[in-house]
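The values are calculated or read from the model by the stated rules, or taken from the named source; none is laboratory data. Values in this document were obtained by computation on a predicted structure and should not be read as measured data. Cβ placement follows ideal geometry from the backbone for every residue including glycine, while neighbour counts extend to all protein chains displayed. Ligands, DNA and RNA are stripped out before the accessible areas are found, and what is left, the full protein with its side chains, is counted by its heavy atoms. Shrake-Rupley method; radii C 1.70, N 1.55, O 1.52, S 1.80 Å.
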Amino acid sequence: MLQRNPWLLPEGVDEILPEDARHLETLRRQLLDVFECWGFEKVVPPFIDYLDSLLTGSAHDLNLQTFKLTDQLNGEMLGIRADMTPQVARIDAHRLENNQPSRLCYVGTTLHTRGDALDKTRIPMQIGAELFGHAGIDSDAEVVQLMLEVLAMSGLKNVHLDLGHVGIYRSLVEQADLNKEQELALFDVLQRKSHCELRELLESYKIPEAMQAVFLALPKLNGDKSVLESAQEIFSTAGEAVKKALAELFALAETLHSYYPELTISFDLAELRGYHYHTGLVFSAFVPEMGKEIARGGRYDNIGQIFGRARPATGFSADLKKLAALTKENLSEQNVNKIFAPIAQGDLSLDEKVRDLRANGQIVIKALSGQQVSAQELGCTQILEKNDKNWVLVPSN
């Protein structure tokens, strides 16, 4: 067995160096300020938790992405969080006792057993917001608007928004009276958008031709607002739940258009990612620089039921590290001023000056005995020099 170099990191695991870490932290602070201005309060869920709490309810989709281990204190199965949303739902359901809508936000590292095809990282830093206790279109619109605000504050441009509604597929499955096995098989084929497979599968189900035609049309219902108009005709014989879902998509699109007339919005009625997790409207944001969504979210009602309180819920999340990587150039434009302080043993006036500068948010680097590096090499643009009895700032060059 070949000996591994001790400096190597596991696949999909990265470390962040000082300059990038500064960008990341700057962005983190800015976005948390945005959340606070919108009335979202920060919570800090634990990095490790009981496995059944992490995978409760609709979070079972995370099972394969969750690292598992045994608690040496009591033998219980623990998991390292792959998604913070179930934990935030527990906080709302069990720890917060108010019956009013609650707005919570969070940021923290998560861990995945494997990265996806486009993004190999296994340690995303999840940042997001959840709104509990309201089931109307107003809360869906607020969360989407907040997501767009976060992307704008991050410096991202040309954002494209994709909207869908998993309630449409759920209702059609119920109307077709499909069993669980048939539902999952049909779900898999729809995700691959394989028309031939879809037709063969539907024929094997022996459902009415009119119902088959509806399912065959689903993968084609993606595009601009005209998709919703086509869907109204195709789903004219569908149940009220389908018509209600289409009405919610219309309403959300109209609301967003009134606030963001230049925003590009598309619709995909066969987009079912997170199908076992979400219960209603779903949305994803894309930017030209990435081949996958930069942020995503949707409605996931009643996730807190197992924790003792089922409440309507909607939210979104993004990977802060991706946001920082895409906006690094913008953040780099913010010049960092560093000040070099020389050695002056016993000169308390220098120590006092350094304390004052640091208290005002200035970066001061003090020289160390025997140090051979210059102020310029340390990236300092100013130097403290003594002028008579006072220490003053002068340019380093």
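Here are some notes:
- The condition of being out of contact with any helix residue (DSSP H, G or I) (no Cβ under 8 Å at 6 or more places or on another chain) and either assigned to a loop (DSSP other than H, G, I, E, B) or within 27 Å of ARG122 (Cα to Cα) (or both) holds for only one of LEU104, LEU32, LEU78, that being LEU32.
- Matching residues in region 1-23 - criterion: being in a helix (DSSP H, G or I) and either at pLDDT 95 or above or open to solvent by 80 Å² or more (accessible area, probe 1.4 Å) (or both): PRO18, GLU19, ARG22
- Some residue of region 38-47 being modelled with pLDDT of 90 or more, under 30 Å from GLU149 (Cα atoms), small (Gly, Ala, Ser) and touching a Lys or Arg at 6+ places or on another chain (Cβ under 7 Å): yes
- Residue within region 60-71 that is surrounded by 11 or more Cβ atoms within 10 Å (Cβ to Cβ) and either within 30 Å of ILE363 (Cα to Cα) or touching a residue at least 60 places away in the same chain (Cβ under 8 Å) (or both) present: yes
Quick grid of which residues meet (1) under 18 Å from the mean Cα position of the chain (by Cα); (2) among the β-branched types (Val, Ile, Thr):
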{"residue": "LEU221", "(1), (2)": "no, no"}
{"residue": "LEU228", "(1), (2)": "no, no"}
{"residue": "VAL242", "(1), (2)": "no, yes"}
{"residue": "ALA251", "(1), (2)": "no, no"}
{"residue": "HIS257", "(1), (2)": "no, no"}
{"residue": "ALA285", "(1), (2)": "yes, no"}
{"residue": "PRO288", "(1), (2)": "yes, no"}
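- Complete set of residues in region 111-134 that are closer than 26 Å to ARG299 by Cβ, open to solvent by 10 Å² or more (accessible area, probe 1.4 Å) and charged (D, E, K, R): ASP116, ASP119
- Condition met for LYS328 (closer than 21 Å to ILE16 by Cα and either open to solvent by 40 Å² or more (accessible area, probe 1.4 Å) or hydrophobic (A, V, I, L, M, F, W, C) (or both)): yes
Yes or no, residue by residue, for (1) among the small types (Gly, Ala, Ser); (2) surrounded by 20 or more Cβ atoms within 10 Å (Cβ to Cβ); (3) modelled with pLDDT of 95 or more; (4) farther than 17 Å from HIS276 by Cβ:
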site	(1), (2), (3), (4)
LEU96	no, no, no, yes
THR109	no, no, yes, yes
SER171	yes, yes, no, no
GLN191	no, no, no, no
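- Among the residues of region 339-375, the ones that are open to solvent by 100 Å² or more (accessible area, probe 1.4 Å), modelled with pLDDT of 90 or more and either hydroxyl-bearing (Ser, Thr, Tyr) or part of a loop (DSSP other than H, G, I, E, B) (or both) come to 2 in all.
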